[in-house]
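Single-structure report; data block below.
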Amino acid sequence: MNNKLQPSLIAAALLASFSANATVYKIENIDEFYKVNGTVENSRSGFGATLNDNSKYIGGASGKFAPQLSDDDENLITNNRVDVALAQQSTSTSVYRSPKFIPNAQSIIFEYDLDNMPSFIRIFEESITDDSIDPDEYVSVNTHAFDVNNTNVIVGTTSSASFAIADPVQDEDNADREFPFYAYEYAQRAMIVDNGTLHTFEPSFNTYGGQSALTGINDSGRVVGYESVGLERLTEERIDSRCLDSYKDHIPLAVCTGGFSFEGRRNEPALFYLEAVSWQYEDGKLTDRKPLGILAQPVNDDDNYSYNSIALDVNNNDIAVGRSIAFRDGKEEIRYRFNVATVFKDGEIIDLMDHSQDDWPGSAATAINNNDLVVGYVTKYFSGYKRDKFFIYDVNGEESAVSFPNDFSDGETDFATNPNDINDNNVVVGSVEIDTVKTSSGRRTHGFLYEHNEEKFTDLNDILTCESKGYVQQEGEWAKYQVEASGGDGQRISYDADIVVVSANSISNDGEIMATALVTLPRIKTQWVDEEGNIVDPGTEDAQEEIVVDENGEPVFDTDADGKPVTEQIPRAVILKPTEGEACSVIDEDSQEHKHTRSGAGLGFGALMLGLFGFVTRRLMRK
């Protein structure tokens with residue numbers, strides 16, 4: 001039975017505060033949201049990645065073949081160039097993956113056609129360049145798309161496809177072992193997709209596969225990213241002592257250096273020193289390689305920490321932005337190392353961090369527009385909790401310090417705000433926390449839109465049409481759309497539609513936004529099985545999770561204690577377009593959706609509470 005809905009005076013007042021001329025958005029691809037199988041076939045979760053001014057929309061499907069929302073999926077929901085760059089290989093392979101199972105892709109990319117129907121971007125076809133490996137053994141390619149320019153050239157990263165390795169030893173202990181091991185030739189490599197053709201690019205240092213990524217491209221083909229320039233010292237020690245010594249007769253080198261856990265042996269994935277680099281792209285080739293530099297190096301031979309610089313975006317003026325490891329106030333000691341937001345311009349590195357702020361443990365610049373406005377975040381402490389706060393910096397301005405726009409208040413709040421993109425109209429999009437309760441693990445987020453010229457900060461969910469929030473007109477009133485789904489064993493479930501935009505990832509100059517939303521869907525039942533097909537406890541070593549299906553191959557819905565199918569919230573890629581329609585001014589009177597508390601006399605809000613699934617995302621960071 002539908003909950004009774006009515007116009008909300010609070011919501012109407014909020015809309016008035018945005019001004020009569022506020023932009024209103026609709027979800028263009030809403031019809032695909034209610035499919036149980038995901039945005040694209042055999043996927044479960046999805047996220048918005050990037051778009052350009054030619055209506056080229058790129059998304060990602062995390063959890064392909066994976067039935068539930070994994071930790072990797074949660075981190076990919078707010079996927080942006082910073083997250084993936086700092087995560088290194090953990091974005092594509094589990095740190096302690098069992099090598100005897102064929103690895104499943106954790107991220108794949110797709111694009112929308114003119115009818116907004118998604119389809120995979122094929123990375124590897126039938127032909128394989130390595131003639132020594134059977135093409136049929138290649139599976140599960142992990143890909144990320146980070147940017148697409150206005151000539152429709154896509155940049156990002158890809159893993160190799162996994163391949164089978166025969167068991168290297170047939171001694172008395174494992175003579176009856178018949179299964180192969182599975183490994184990757186490389187876990188993360190720079191890629192370009194140009195007119196449907198894939199090009200991959202080896203890093204300068206490619207021992208054990210190396211690591212590289214292309215994170216930004218401008219309209220003249222200047223690309224930026226990072227590549228490995230050496231092995232981290234602790235990684236080198238582990239490979240020497242384990243992979244090349246104690247494990248060498250039992251574990252293939254490619255398995256060992258890629259990270260594995262098997263029969264009491266384990267090793268972490270190889271980690272590399274990374275350096276920001278730019279190149280010129282044309283006709284499938286990268287030329288004019290220019291290292292962009294790094295602000296600090298290891299202090300001595302006993303320093304086992306990471307020392308990286310990473311470029312994350314570039315504008316049409318060939319100015320790049322990103323982050324670099326540095327020493328606070330130039331004090332070359334391990335305890336003073338931290339990441340700082342950087343601008344790479346004319347062969348120099350501009351450090352944007354205020355080193356005098358001891359309670360600011362790090363920062364990064366995430367995007368730059370063609371007006372040379374930079375956006376990024378500085379991590380600050382609020383009552384003992386770390387929160388990322390959104391900043392803006394004008395490369396050509398007189399001020400040397402970054403400025404921090406307000407979010408839902410006239411003063412600084414403790415809501416984390418992460419900017420992902422800025423267009424040439426100086427409009428910024430990203431994600432902002434909405435919960436007032438402080439936790440160490442994170443708080444729920446909403447997508448935001450910030451108009452820098454007007455200094456106006458808006459929750460994107462407050463400027464969606466009613467249809468885009470899951471409502472339909474019934475007898476002149478707005479009511480929640482009723483989703484009906486069929487599962488295995490004759491199951492049927494009916495429930496209220498629910499859509500929440502949790503992150504805005506990219507914005508075009510026309511104001512179109514590629515974003516990520518949480519959508520309510522039936523929870524799919526899963527089970528863990530060992531190599532013999534026996535059901536075992538979740539997380540059992542050398543076991544894997546699989547979807548429960550009926551005799552017709554249909555997935556079975558999970559149920560509650562009363563045997564009734566239950567729902568969960570799953571991320572999906574969202575195309576948001578400006579519309580002539582009106583922003584939704586109705587709420588469910590039985591929920592706390594869009595419950596706002598005013599703070600002081602300002603026009604902003606002190607808190608936004610949403611009675612929904614407790615969604616938590618955490619930025620992947622390595623010290």
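Treating the beta-carbon of each Lys and Arg as +1 and of each Asp and Glu as -1, no other charges, what is the dipole magnitude of region 279-437 about its Cα centre, to the nearest 20 debye?
Here the size comes out at about 380 debye.
From the square roots a ≥ b ≥ c of the eigenvalues of the alpha-carbon gyration tensor of region 498-543, which class results: rounded (a/c under 1.5), prolate (a/b over b/c), or oblate?
It is prolate, given that a/c is not under 1.5 and a/b is the larger ratio.
Run the Debye formula on the Cα coordinates of region 379-485, all scatterers equal and no solvent, and tell me log10 I(q)/I(0) at q = 0.20 1/Å.
The calculated log intensity ratios at q = 0.20 Å⁻¹ are -1.07.
Report, in cubic angstrom per residue, the convex hull volume of the C-alpha atoms of region 183-224.
Cα convex hull per residue, to the nearest whole number: 75 Å³.
How large is Rg/Rh for region 464-588, to two decimals, with Cα atoms and a Kirkwood Rh?
Rg divided by Rh gives 1.10.
Would you mind working out the accessible area per residue for region 328-466, using a 1.4 Å probe, and quoting it in Å²?
Counting only protein heavy atoms, the per-residue value for region 328-466 is 39 Å².
Measure off 7 Å from each Cα along the Cα-to-Cβ vector at Asp329 and Asp283, then give the distance between these two points in nanometres to one decimal.
Result: 5.5 nm between the two label points.
Over 16 Å, how big is the tail of the calculated P(r) for region 437-525, in percent of all Cα pairs?
Considering region 437-525, 68 percent of its Cα-Cα pairs are separated by more than 16 Å.
Strictly over 23 Å apart at the Cα level, which of Lys469/Lys564; Lys331/Lys380; Lys56/Lys389; Lys26/Lys480; Lys389/Lys456; Lys56/Lys577 would you flag in this model?
Pairs exceeding the cut-off: Lys469/Lys564; Lys56/Lys389.
What percentage of the solvent-accessible surface of region 188-296, computed with a 1.4 Å probe over protein heavy atoms, is contributed by carbon and sulfur atoms?
It is 42 percent, rounded to a whole number.
Would you kindly calculate the translational diffusion coefficient of region 325-367, applying Stokes-Einstein with the Kirkwood radius from alpha carbon pairs, for 37 °C and a viscosity of 0.692 mPa s, and quote it in µm² s⁻¹ without decimals?
301 µm²/s
How long are the three semi-axes of the equivalent ellipsoid for region 471-515, computed from the Cα gyration tensor as the root of 5 times each eigenvalue, in whole Å, largest first?
After scaling each eigenvalue by five and taking roots: 31, 19, 8 Å.
Ranked highest first by average number of other Cβ atoms within 10 Å, how do 228-238, 418-428 line up?
418-428, 228-238
Please give the charge dipole size of region 345-434, origin at the Cα centre, charges +1 on K and R Cβ atoms and -1 on D and E Cβ atoms. Round to the nearest 20 debye.
With only Lys, Arg, Asp and Glu charged at Cβ, the dipole is about 320 debye.
So what are the three principal axis dimensions of region 301-389 from its Cα atoms, in whole Å, longest to shortest?
Principal-axis extents of the Cα atoms in region 301-389, largest first: 39, 37, 20 Å.
Given that compact globular proteins tend to follow 2.2 N^0.38 Å, what is the ratio of the alpha-carbon Rg of region 237-280 to that value?
With N residues counted in region 237-280, Rg over 2.2 N^0.38 Å equals 1.47.
Taking one equal scatterer on every alpha-carbon of region 213-360, how large is log10 of I(q)/I(0) by Debye at q = 0.12, 0.17 1/Å?
Computed log10 I(q)/I(0) values: -0.64, -0.97.
Can you give the Kirkwood hydrodynamic radius of region 233-318 from its Cα pairs, in Å with one decimal?
15.9 Å
With a 10 Å radius around each residue's Cβ, average the other Cβ atoms per peptide and rank 302-311, 192-201, highest first.
In decreasing order of mean packing, 302-311, 192-201 become 302-311, 192-201.
Compute the distance in nm between two label points, each set 7 Å from the Cα along the Cα-to-Cβ direction, one at Glu202 and one at Asp351.
According to this spin-label approximation, the distance is 3.6 nm.
Over region 348-475, what is the relative contact order in whole percent, taking alpha-carbon pairs under 8 Å and six or more residues apart?
17 percent
Viscosity 1.306 mPa s, temperature 10 °C: Stokes-Einstein D of region 518-574 from its Kirkwood Cα radius, in µm² per second?
D, rounded to a whole number, is 123 µm²/s.
Let me check I have the definition right: for region 151-272, take the eigenvalues of the Cα gyration tensor, multiply each by 5, take square roots. What are those semi-axes in whole Å, largest first?
Three semi-axes, in Å: 34, 17, 8.
Provide the solvent-accessible area of Thr436, counting protein heavy atoms only and rolling a 1.4 Å probe, rounded to the nearest 10 Å².
Counting only protein heavy atoms, Thr436 exposes about 60 Å² to solvent.
Computed FRET efficiency, Cβ-Cβ of Glu475 and Glu568, R0 30 Å: what is it to the nearest 0.05?
According to the calculation, E is roughly 0.45.
With charges only on Cβ, +1 for K and R and -1 for D and E, what is the dipole size of region 249-322 about its Cα centre, in debye, rounded to 20?
That gives a dipole near 120 debye.
The values are calculated or read from the model by the stated rules, or taken from the named source; none is laboratory data. Computed from a predicted structure; not experimentally measured. Here the Cβ is made from the backbone with ideal geometry for all residues, glycine too, and neighbour counts use every protein chain on show. With ligands, DNA and RNA removed, areas are computed over all heavy atoms of the protein, side chains included. Shrake-Rupley method; radii C 1.70, N 1.55, O 1.52, S 1.80 Å.
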